[in-house]
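Have a look at the structure below before the remarks.
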C-alpha cells in the first residue's frame, strides 16, 4: 500500500501545446494543462458539465515523449504525484502552486 501514498491518475485533453524547456544539461521539461470533465445530473434534473484544469510537469524521458507526440486537443492519460512549490513573486509575496509531476503518459488519441 505504500505505493499509493501520493499517486494521481488523470485522463483528459490538453488545452494548449505543451511548453518545452531544454536545459543546458540536455534535460527536458514539459509543462502543460490538462482538462478533465465530469458530467452528471444534479438534484433538480439538470445536466451539469464540470471541467477542472490541472497543471502538469514532466521531466526527461517523459518530457521527450510529450514533446514528440502530444499537442493541443490530444486526449492522454497521465500518472504521477502531487507536489506543491513555493516562490516569491516580484513584489516579495510568497506564492504557491500545486501541480502533478507526471512519470507516465498514455497516448489516447486526439479530441476529434
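Taking the listed residues 89, 38, the one that is without any contact (Cβ under 8 Å) to a residue 12 or more places away in the chain and surrounded by fewer than 16 Cβ atoms within 10 Å (Cβ to Cβ) is 89, with no other qualifying. Out of 58, 63, one residue alone is under 24 Å from residue 6 (Cα atoms), surrounded by 16 or more Cβ atoms within 10 Å (Cβ to Cβ), modelled with pLDDT of 95 or more and in contact with a helix residue (DSSP H, G or I) (Cβ under 8 Å, 6 or more places away or on another chain). It is 58.
The values are calculated or read from the model by the stated rules, or taken from the named source; none is laboratory data. Here the structure is a predicted model, which is why all the values come from computation and not from measurement. Note that we place each Cβ from the backbone using ideal geometry, even for glycine, and neighbour counts take in every protein chain shown.
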